[in-house]
Each structure stands twice: as structure tokens, then as C-alpha cells.
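> Sharing a structure below in C-alpha cells format, with a few things to ask.
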Amino acid sequence: MNKINVVTIDGPSASGKGELAKSIAHQFNFKILDSGILYRLFAYFFNLKLSNEEIASKINNDISFELKEDNFKILNQSDDITNYLRSEDIAKVASMLSSQKEVRESLFQIQRNFYDKKGLVADGRDMGTVVFKDAKLKIFLTASPEVRAKRRYLELQNRGQEVNMPALIADIKERDLKDSSRELSPLLPADEAHIIDSSDMSLEEVFSITKNLVKKEFI
């Protein structure tokens with residue numbers, strides 16, 4: 001199999017995939033794909049009662065992504081909907097939709113279209129196992145549910161959202177179970193993935209490890 005210039009970063013919710021992906025994309029001038037945002041976008045338009053075909057068209061034609069240093073924005077035409085997409089309400093709908101075959105099929109080619117020969121960082125749940133099986137480098141980033149709940153708690157608090165820590169831990173554990181046990185594209189590390197447990201690591205430490213792996217494979 002010919003390997004393509006993709007770094008996949010898979011792992012459970014709130015494991016730090018997004019921040020790591022942004023850091024790697026910025027460091028190496030790679031394009032970035034946040035696949036979770038695509039499912040949240042699907043949920044956003046699903047709540048507006050659009051069909052799967054209409055949603056795919058909206059994502060292809062009306063949505064744009066901006067990455068400036070570490071600031072990642074999602075625009076619906078000119079409307080910044082980033083914070084709304086990051087809400088827990090949208091996350092729950094996205095999680096439900098992600099288990100549906102027709103939804104995953106609608107987004108598969110959209111995800112593949114993000115590929116750039118100069119380099120792509122793709123984060124999600126099945127980037128290395130399904131979407132980019134031929135990626136040069138595969139990372140599986142994880143952390144304990146408690147650590148991930150604390151990270152999500154601080155993230156949501158910073159956005160001014162009301163959060164309850166015990167409920168957050170329970171929600172993360174429930175989502176882990178659903179993601180890892182579903183029949184379609186379960187959350188599992190690819191056979192050749194480098195598994196990084198960030199429970200006791202800073203983002204800088206995780207970035208340092210990943211940066212060295214990218215240099216080894218790409219440079």
C-alpha cells in the first residue's frame with residue numbers, strides 16, 4: 001500500500017486531539033481536518049430538519065474553516081458558529097448521528113476531499129482505521145475519563161457554559177462505551193498506531209512526542 005501524507009489522530013472525546021492537531025498543522029504547515037466538527041455540523045443542520053443530501057450540500061458549499069495559528073473557526077457563510085458547534089447539546093446529537101451508516105457515508109468523501117499532498121492532519125474516531133487507512137503516521141491519543149472530564153469542564157466554563165462535573169464524567173464514559181462498542185467504525189486504535197496516554201502529560205509533552213514522529217515519517 002502506498003502511504004499518503006496524512007497524520008491521523010484518533011481517540012476518545014476530550015483526549016486533546018483537536019489541540020494536538022492544530023499544533024502539528026501549524027508547526028508543519030499541514031492542512032487540518034477536524035472530523036468531529038463535520039459530525040457536529042451534520043447535527044447542526046439535522047436540527048434544522050434538512051435531509052442528508054441537503055446537509056452534505058450545505059457542508060460542501062456554505063461551510064468554511066479558518067485556522068490562524070491556534071485559532072480554529074467554522075463559518076456558515078459569514079456567520080461564525082464555532083462556539084455553538086462545541087456545545088454539549090450538539091455533541092449529543094452528533095454522537096447519535098455518527099452511529100448511522102447513511103450519515104457516515106455522506107461524510108466519508110467530504111473527509112477524503114480534505115487531503116492535500118503537502119500534508120494533512122486528520123483527527124477523529126476512525127481516521128486511521130477507515131477514512132485514511134493509508135496514512136503515513138497514525139496516533140491514538142487517550143486519557144482517563146476523569147482527566148478528560150476535567151479538560152472538558154474547563155473548556156466549557158471558559159465559554160461561559162453551565163457544566164456539572166459528575167454528569168460530565170458519566171456522559172464521557174457513556175460516549176466511550178457507545179463509540180467503542182458500536183458495530184460501524186468502532187473507536188479502536190489502528191494496528192500500526194502509536195498509542196499515547198496523555199493522562200499525566202501536558203499538551204507540550206504530547207506535542208513533542210508527536211512532532212518527533214512526524215519528522216521521522218515525513219522529513
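> Would you give the gap between the C-alpha center of segment 156-181 and the C-alpha center of segment 83-108, rounded to a whole Å?
Computed from Cα coordinates, the inter-centre distance equals 15 Å.
> Listed here are the pairs Lys58/Lys136; Lys17/Lys138; Lys3/Lys118; Lys49/Lys101; which of them are more than 21 Å apart at the Cα?
Pairs exceeding the cut-off: Lys58/Lys136.
> Just rank Glu19, Glu102, fewest to most, by other beta-carbon atoms within 10 angstrom.
Glu102, Glu19
> For Ile209, put the label point 7 Å out on the Cα→Cβ axis and report which residues of segment 146-161 keep their amide N under 18 Å from it.
146-149, 151
> As an exercise, identify the GluC sites (Glu not before Pro) in segment 111-219 lying in DSSP coil whose Cβ has no more than 11 other Cβ atoms within 10 Å.
Details: sites: Glu146, Glu155, Glu162, Glu174, Glu183, Glu192, Glu204, Glu205, Glu217; in loops: Glu162, Glu183, Glu192.
Hits after loop and neighbour filter: Glu162, Glu183, Glu192.
> So what's Rg/Rh here for the chain, counting alpha carbon atoms and using the Kirkwood radius for Rh? All intermediate terms of the calculation are to be shown ahead of the outcome.
Working: Rg = 16.4 Å, Rh = 17.6 Å.
Expressed as Rg/Rh, it is 0.93.
Read-outs throughout are calculated quantities, based only on the coordinates presented, and are distinct from any laboratory measurement. Being a predicted model, the structure only gives us computed values, none of them experimental. Using ideal geometry, Cβ is built from the backbone for each residue, glycine included, and neighbour counts are taken over all protein chains shown.
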